[in-house]
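Some notes on the structure that comes next.
The values are calculated or read from the model by the stated rules, or taken from the named source; none is laboratory data. Owing to the predicted nature of the structure, the values given are computational and were not obtained by experimental measurement. Every residue, glycine as well, gets a Cβ built from its backbone with ideal geometry; the counts of neighbours run over all protein chains shown. Note: accessible area is taken over every heavy atom of the protein model, side chains too, but ligands, DNA and RNA are not part of it. Shrake-Rupley method; radii C 1.70, N 1.55, O 1.52, S 1.80 Å.
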Amino acid sequence: MGVMRMGYAHVRVTDMAEAKDHYATTMGLYETRSDVSADGNQRVFYKGWDEWDHHSVVLEEGGVGVVKYGWKVEYESDIDDIERKARDFGLTVERMSAGENPEIGDGIRFTTPSEHVFEVYHQATAIGTEVGTHNPDAFPRHLVGVGVPALDHSLITCEDPALMQSMLERVFGFYATERVQTSLDDDAHLIATWMTSNNQIHQLACLEGPQAKLHHFAFRLGDWNEVGRAADLMAMDDVPIDVGPTRHGITRGQTVYFFDPSGSRNEVFAGGYLAYRDRPVSVWTPEQLGKGIFYHARELNDRFTTVLT
Amino acid sequence: MSRGEASVVPTVRIEPSGFVARLQPGEPVLAGLHRCGFTVRQVGCRRGGCGICKLELVQGEVTYEKAVAGTVLTSDERASGTCLTCRAVPAGDITLHIDIEDVSAAPTGLLKYLNIAATGPDKE
Ligand code: FES
Ligand SMILES: [Fe+2]
């Protein structure tokens, strides 16, 4: 089936000690490895309690913003298939070998039209979820902080969302679940698109803005109560909340946006309806965009489009 | 506050409005302005990552106690007096330029209780 999910988000942090405090103590991720990159930067690898692969978040010290995303495919042969499609699309693809990313197998790497680095791989060292697979309990008893189960999705900015949409459709086999466009006309300008490969409401969203930038990456939560509790913990830990708890009109997800200690926006995200390839795409137009983004306040703040890392 | 120096309370004067806020020792500029009841428009991540909170330092010096990425605040900007207010800690009294429309005027209502340490231009 090709791409199954965003396997990892690799981001930069300005101060590793503060970042670890945030991702381990407040968010409750499990550290699976810490090392020094070939460039001499300190790195820490994390997974959520309900993830089985070695890591889903990589922090690298030095600077801010996103280094790259990893996309896990179902079959080894999907890598070749995506490589061919990426070349057909006009992208420059390079091979990456097992171990270039610790605990990640062979794959390919390319830079998207949005100037983000994507890696595609099939094999990752299996660690197992924190509840196991044999008569598993509902959750681990001793979760730390928010205790996020898993990485969910990301929103990036790019100069040409329509081009990113067509790349994601043609190279990854993604489809759009929701869009923001200037009007309902056929020749309307695409402002943003929410894309997925399966029933998850979105794995990657692309919003018009500067190239190569990160808007946020999000962790999954179960429901409204967990989103509210996450916000309480952010207050206790003095994490700056950007917006929320509220709901997105787009995706119907329940959310808190907040900033990690390097100023990268994170999100906790619950809900979102089931996506299907044959479900008609929801379309939002600018006069209701405030409601689309923040369903209750119905107002877009400056920060939503200007604060990027 | 074992060192005498650390207990110095720096003031932030806002030009052209003339309002003054008194910060706590070690407090970043933006957090101090908020605590004193001023609402500043240029607020982003509050964690040194987005660069939205940059303002012009007209007078005085600031220090950065936490790492700031060179892509967020370049050395040229530092040298020419641009201040990343969410991370900058005044090294003494400073003066910032904030356009009138980008900062609230005198704190009113409950906010005036936050601002007991601040003085308005008419109280100088
Ligand atoms: S508010 Fe983002 S860098 Fe200061
Ligand atoms: Fe999101």
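For segment B:70-86, the condition of being at pLDDT 95 or above, open to solvent by 10 Å² or more (accessible area, probe 1.4 Å) and touching a helix residue (DSSP H, G or I) at 6+ places or on another chain (Cβ under 8 Å) holds for at least one residue. The number of residues in segment A:246-292 that are within 16 Å of ligand 1 (Cβ to nearest atom), in a strand (DSSP E or B) and either of a type outside the set (Lys, Arg) or in the same structural domain as A:GLU61 (by TED's automatic domain parsing) (or both) comes to 4. Taking segment A:223-239 as the range and being in a loop (DSSP other than H, G, I, E, B) and surrounded by fewer than 18 Cβ atoms within 10 Å (Cβ to Cβ) as the test, the residues that pass are A:ASP223, A:ASP237, A:ASP238. So if I check each of A:VAL73, A:VAL58, A:VAL67, A:VAL11, which one is away from chain B (no Cβ under 14 Å), under 22 Å from B:ALA67 (Cα atoms) and touching a residue at least 24 places away in the same chain (Cβ under 8 Å)? After applying the criteria, what remains is A:VAL58. One residue stands out among those in segment B:35-54 that are out of contact with any helix residue (DSSP H, G or I) (no Cβ under 8 Å at 6 or more places or on another chain) and more than 11 Å from chain A (Cβ to nearest Cβ): the one that is farthest from A:ARG303 (Cα to Cα), which is B:PHE38.
Within segment A:14-31, being open to solvent by less than 40 Å² (accessible area, probe 1.4 Å) and more than 14 Å from chain B (Cβ to nearest Cβ) holds for A:ALA24, A:MET27, A:GLY28, A:LEU29. Residues considered: A:GLU76, A:GLU60. Of these, the only one that is of a type in the set (D, E, K, R) and either assigned by TED's automatic domain parsing to the domain that holds A:ILE241 or more than 18 Å from the chain's Cα centre (by Cα) (or both) is A:GLU76.
The set of residues in segment A:79-106 being touching a residue at least 24 places away in the same chain (Cβ under 8 Å) and open to solvent by 20 Å² or more (accessible area, probe 1.4 Å) consists of A:ASP81, A:GLU83, A:LYS85, A:ASP88, A:PHE89, A:LEU91, A:ALA98, A:GLU103, A:ASP106.
Residues that are within 14 Å of another protein chain (Cβ to nearest Cβ), within 29 Å of B:VAL40 (Cβ to Cβ) and more than 14 Å from ligand 2 (Cβ to nearest atom) do occur in segment A:212-225. Looking at the structure I just gave you, is A:GLU169 of a type in the set (Asp, Glu), away from ligand 2 (no atom under 16 Å from the Cβ) and not assigned by TED's automatic domain parsing to the domain that holds A:LEU274? For A:GLU169, the condition - of a type in the set (Asp, Glu), away from ligand 2 (no atom under 16 Å from the Cβ) and not assigned by TED's automatic domain parsing to the domain that holds A:LEU274 - is not met.
Among the residues in segment A:295-302, are any open to solvent by 10 Å² or more (accessible area, probe 1.4 Å), within 14 Å of another protein chain (Cβ to nearest Cβ) and free of Cβ contacts under 8 Å to residues at least 40 places away in the same chain? Within segment A:295-302 (the criterion being open to solvent by 10 Å² or more (accessible area, probe 1.4 Å), within 14 Å of another protein chain (Cβ to nearest Cβ) and free of Cβ contacts under 8 Å to residues at least 40 places away in the same chain), the answer is yes, since at least one residue qualifies. Consider A:THR306 carefully, then state whether it is away from chain B (no Cβ under 14 Å) and polar (S, T, N, Q). For A:THR306, the condition - away from chain B (no Cβ under 14 Å) and polar (S, T, N, Q) - is not met. Restricting attention to segment A:175-200, the residues that are more than 24 Å from the chain's Cα centre (by Cα) and open to solvent by 50 Å² or more (accessible area, probe 1.4 Å) total 6. Among residues of segment A:107-123 that are under 8 Å from A:LYS68 (Cβ atoms), those with a beta-carbon under 9 Å from a residue that is buried (at least 23 other Cβ atoms within 10 Å of the Cβ) and of a type in the set (Gly, Ala, Ser) at least six positions away or on a different chain give the pairs A:PHE118/A:GLY70; A:GLU119/A:GLY7; A:GLU119/A:GLY70; A:GLU119/A:GLY107. Within the set B:GLU27, B:GLU56, B:GLU65, the sole residue that is in contact (Cβ under 8 Å) with a residue 40 or more places away in the chain and open to solvent by 50 Å² or more (accessible area, probe 1.4 Å) turns out to be B:GLU56. I'd like the full set of residues that are β-branched (Val, Ile, Thr) and assigned to a strand (DSSP E or B), limited to segment A:178-222. Answer for segment A:178-222, where residues must be β-branched (Val, Ile, Thr) and assigned to a strand (DSSP E or B): A:VAL180, A:ILE191, A:THR193, A:THR196.
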